[in-house]
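Bear in mind that the values in this text are calculations on the coordinates, not laboratory data. Remember, it's a predicted structure, so these values are computed and weren't measured experimentally. Please note: Cβ atoms are built from the backbone with ideal geometry, for glycine as well, and neighbour counts cover all protein chains shown.
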Amino acid sequence: MNAAVGTARAQKPMVAVSLPSLIRQVVDELGTLIAQRHAVIEIGRTAEAPLARGPEQAVRQIIFHLLRNAVEASPSGGLIRVTQHQRDGQVIIDVSDEGPGIVPGDFSKIMRRGYTTKPGSKGQGLADVEWRLAELRAGISWESPLRNGRGTCFTVILPAAPAPQ
């Protein structure tokens, strides 16, 4: 008698994740860093409360790493904007900062594990974001510079959860 032996990855529960409350939780988690950098966090409000579909921990890590990178990249007192909205079965999250921007030659490298331009960094944040996005079958894009040769905006597109009935 032959038995198939394999390793099964535990499926993470796909749930409806409330983005406004999750973003506020992540801002609270990053409170010490935000205070040290004198950063100003502006969370855009929408009429609807967008719901993403996926494992909550994956969505949390995406937002955490993007917000942390924005705070670290911005000058002291810099403004970080976070907006979210739902469109055509997708949730769009934008995180923008007032940092120096991404050098065009670095565009192909920024998502690689171990790549960093920050002293003391391990270069794992954006690699983790990309890994989590692959898990969710979601996407990311970025624009840099934004204004006056500075700033970056990361745009994440996640699957939307159906509205509760």
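Under 12 Å from the Cβ of ALA138, count the other residues' Cβ atoms, weight Lys and Arg +1, Asp and Glu -1, and hand me the total. Combined, the nearby Lys, Arg, Asp and Glu give +1. Sorting the Cα pairs of the stretch 43-111 by distance into bins of 10 Å, from 0 upward, gives 17, 43, 32, 7 percent per bin. Based on DSSP H runs of at least 4 residues, each adding -39500 (n - 2.57), what is the mean residue ellipticity at 222 nm of the chain after dividing by all its residues, to the nearest 500 deg cm²/dmol? Taking each H run of at least 4 residues, the total per residue is -9000 deg cm²/dmol.
The distance between label points at ALA163 and ALA134 comes to 3.5 nm (points 7 Å beyond Cα on the Cα→Cβ vector). For the peptides 150-162, 97-109, 126-138, 59-71, the ranking by packing is 59-71, 150-162, 126-138, 97-109, with the highest mean count of neighbouring Cβ atoms within 10 Å listed first.
A Cβ-based charge dipole, computed about the Cα centre of the stretch 15-159 with Lys and Arg at +1 and Asp and Glu at -1, lands at about 240 debye.
Would you kindly calculate the translational diffusion coefficient of the chain, applying Stokes-Einstein with the Kirkwood radius from alpha carbon pairs, for 25 °C and a viscosity of 0.890 mPa s, and quote it in µm² s⁻¹ without decimals? Calculated translational D: 146 µm²/s. With a Förster radius of 25 Å applied to the beta-carbon distance between ARG68 and VAL15, the computed FRET efficiency rounds to 0.60.
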